[in-house]
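The values are calculated or read from the model by the stated rules, or taken from the named source; none is laboratory data. Just so we're clear, the structure is a prediction, and the values are computed from it rather than from any experiment. Cβ placement follows ideal geometry from the backbone for every residue including glycine, while neighbour counts extend to all protein chains displayed. Just so you know, the surface numbers come from the protein's heavy atoms only, side chains and all, with ligands and any DNA or RNA stripped out. Shrake-Rupley method; radii C 1.70, N 1.55, O 1.52, S 1.80 Å.
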Amino acid sequence: MAWILIIASLISLWILSLFKLLLFSHFPFSKHFNHKGRALQKRNVLLVIAHPDDESMFFTPTINFLTSRGHSVQILCLSVGDADGKGNIRKQELFQACVALKVPMQQVKIFNHPDLQDGFGKAWNHSLLANIIEEEITTHSINMVITFDNYGVSGHCNHRDVHYGVCKVLYDTLQRDIEVWELVSNNILRKYSGPVDIWLSMLWPILLSNETMQCFVNENPRRSYLAMAQHASQWVWFRKLFVTLSSYTYVNTLRKIK
């Protein structure tokens, strides 16, 4: 009987969280991008990812927030994801996913460098990454960069190397006029709590008044599924389950790198 009550409570909480997300998704917690209800100056944002599908699996709440408010989003993908020999296919899938996410194809750049190949245990040179990222920043007059934190959500070494490459740009080239934000990695319970994690994520911007944390709730979670479905070569049953259960489908918490 106790297990039935626990399961029923969890299901109720899930449904309540999803209901809140779908009907009341405009949360006033992204203070850095709004002031007294008005959007601040439009940003040129560079989202730096490691593989095609990172943008759809992890960053859709952020992308949806930024594009819906008129910020320009550039996506830099540092590999074609050729670990299984499907690099050319995955490259095209990324372009299609970005169309679903309302990011123009001309604002998406994908690298296929011999020293930046997809795979666990394949370390990427941080100096090489920094040079590529810095060039994109200069070319597109970027004033904000968003990427993984030092754990990279899943712990994938390529995700983590991208983080360190971005940090190298920030620290070594003295790009102090550029804001850099990292996607906070959640523990496993929060990671697979789906929309329930919205409640916890909303607390951080309230508790921290120095604007070093931002919470972006996905105002269009269906777009996450549509975008990820464009990655047909990766859209297998366990990734469908991941997108459904993952808190990153419903909310992103970003932390400013100082």
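Remarks
- Index of the failed condition, Ile206 passing every other in (1) modelled with pLDDT under 85; (2) aliphatic (A, V, I, L, M); (3) open to solvent by less than 70 Å² (accessible area, probe 1.4 Å): (3)
- Hey, Phe111 open to solvent by 50 Å² or more (accessible area, probe 1.4 Å) and either free of Cβ contacts under 8 Å to residues at least 40 places away in the same chain or of a type in the set (A, V, I, L, M, F, W, C) (or both) or not: no
- One residue alone among Ile188, Ile178 is open to solvent by 10 Å² or more (accessible area, probe 1.4 Å), more than 16 Å from the chain's Cα centre (by Cα) and touching a residue at least 12 places away in the same chain (Cβ under 8 Å), and that residue is Ile178.
- Figure legend. Inter-residue proximity from segment 244-258: first residues among the β-branched types (Val, Ile, Thr), second residues open to solvent by 50 Å² or more (accessible area, probe 1.4 Å), beta-carbon distance below 7 Å, spacing 6+ or different chains. Indicated pairs: Thr253/Trp204.
- Check on His159, open to solvent by 50 Å² or more (accessible area, probe 1.4 Å), in contact with a strand residue (DSSP E or B) (Cβ under 8 Å, 6 or more places away or on another chain) and in contact (Cβ under 8 Å) with a residue 40 or more places away in the chain: no
- Check on Val103, of a type in the set (Val, Ile, Thr), surrounded by 15 or more Cβ atoms within 10 Å (Cβ to Cβ) and in a helix (DSSP H, G or I): no
- Qualifying position, being farther than 22 Å from Lys258 by Cβ and part of a strand (DSSP E or B), among Ile146, Ile75: Ile75
- The lone exception for Val166 - which of (1) exposed (fewer than 15 other Cβ atoms within 10 Å of the Cβ); (2) β-branched (Val, Ile, Thr); (3) under 24 Å from Gln106 (Cβ atoms) it fails: (1)
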